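Novice: I have a structure I would like to understand better, so I am pasting it below and will then ask my questions one at a time.
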Amino acid sequence: MRRFLLAVIMVVALLSTLAPGTSAGAKWCEEDPLVLIETPGGSTVPVYVTIGALGTEHLGAVLLATISYTAKPTDGGRGTQVHLDVVVPDDAFGSHFETRAAASTGPMVTGTIYDTTYGYSGEVMRLVFKLDVP
C-alpha cells in the first residue's frame, strides 16, 4: 500500500509539472497602432496607442477601435497638449465590456508612457498628455 501511495504522489507531481497552468481570470487582447500626431508647429510625432479589451473574444472590436485626437499649443508655444480619444465598439459577444488604452513612445506600452486609462466598450477613453514639441 505504501508503494502504491508513493507511486500516485510521484505521478501527480510529474503531471503537475507537465500540464499547462490555467488562469482563473480572463485574458486581455490588445492591438498597438502607431498614430502620427501633427503638432500645431508642423512637427509629426509618432505615438503608439495600445488598445485592449478584457476577453480574447473581443479582439475584433479592438481591431475596429476608433482613434481621434486634438493637438493644441501649450507652454507659450513650446509644447503641444494632446487629447487622444479611443472608442472600442460593442460587439456580438457583449456590450459594456472592460477596455483600456495607453499612449507611449514604444510599442506595447514601452518607452515613455504618456498616459493610461480604463473604460468600457462603446464609451470614449480619453488620454491626455503633453509633447515637448511645438
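The values are calculated or read from the model by the stated rules, or taken from the named source; none is laboratory data. All of these numbers come straight from a predicted model, not from anything done at the bench. So basically every Cβ, Gly included, is an ideal-geometry build from the backbone, and we count neighbours across all protein chains shown. Ligands, DNA and RNA are stripped out before the accessible areas are found, and what is left, the full protein with its side chains, is counted by its heavy atoms. Shrake-Rupley method; radii C 1.70, N 1.55, O 1.52, S 1.80 Å.
Novice: Of everything in segment 105-115, what is open to solvent by 10 Å² or more (accessible area, probe 1.4 Å) and either assigned to a strand (DSSP E or B) or of a type in the set (A, V, I, L, M) (or both)? Give them in sequence order.
Specialist: Thr105, Met108, Val109, Thr110, Gly111, Thr112, Ile113, Tyr114, Asp115
Novice: Could I ask something else about it? Could you tell me which residue of segment 36-52 is farthest from the chain's Cα centre (by Cα), considering only residues that are surrounded by fewer than 17 Cβ atoms within 10 Å (Cβ to Cβ) and free of Cβ contacts under 8 Å to residues at least 60 places away in the same chain?
Specialist: Residue satisfying both the conditions and the ranking: Gly42.
Novice: State yes or no: is Gly77 farther than 18 Å from Val47 by Cβ, of a type in the set (Gly, Ala, Ser) and surrounded by fewer than 12 Cβ atoms within 10 Å (Cβ to Cβ)?
Specialist: yes
Novice: May I ask you to say which residue of Asp91, Asp85 is over 17 Å from Val133 (Cα atoms), open to solvent by 20 Å² or more (accessible area, probe 1.4 Å) and in contact with a Gly (Cβ under 9 Å, 6 or more places away or on another chain)?
Specialist: Asp91
Novice: Taking segment 112-134 on its own, how many of its residues are touching a residue at least 12 places away in the same chain (Cβ under 8 Å) and farther than 23 Å from Ala61 by Cβ?
Specialist: Counting residues in segment 112-134 that are touching a residue at least 12 places away in the same chain (Cβ under 8 Å) and farther than 23 Å from Ala61 by Cβ gives 8.
Novice: Something else about it: With the requirement that a residue be of a type in the set (Gly, Ala, Ser), assigned to a strand (DSSP E or B) and under 22 Å from Tyr120 (Cβ atoms), what does segment 44-91 give you?
Specialist: Within segment 44-91, Gly52, Ala53, Ser68 meet the criteria.
Novice: Still on this structure, I have one more. Any chance segment 92-104 includes a residue that's in a strand (DSSP E or B) and hydroxyl-bearing (Ser, Thr, Tyr)?
Specialist: Kept after step one, since they are in a strand (DSSP E or B), are these residues of segment 92-104: 94, 98-104.
Within this subset, residues satisfying the condition of being hydroxyl-bearing (Ser, Thr, Tyr) are 99, 104.
Yes, the conditions are met somewhere in segment 92-104.
Novice: Working only within segment 53-74, note down all residues that are open to solvent by 50 Å² or more (accessible area, probe 1.4 Å) and either hydroxyl-bearing (Ser, Thr, Tyr) or closer than 14 Å to Thr39 by Cα (or both).
Specialist: Across segment 53-74, the qualifying residues are Thr56, Thr66, Ser68, Tyr69, Thr70, Lys72, Pro73.
Novice: Within segment 116-134, work out how many residues are part of a strand (DSSP E or B) and either of a type in the set (Ser, Thr, Tyr) or surrounded by fewer than 17 Cβ atoms within 10 Å (Cβ to Cβ) (or both). Walk me through how you get there before you give the answer.
Specialist: Taking segment 116-134 and keeping what is part of a strand (DSSP E or B), we get 116-120, 124-131.
Now narrow it down to the ones that are either of a type in the set (Ser, Thr, Tyr) or surrounded by fewer than 17 Cβ atoms within 10 Å (Cβ to Cβ) (or both): 116-118, 120, 124, 126, 128, 130.
Total satisfying the criteria: 8.
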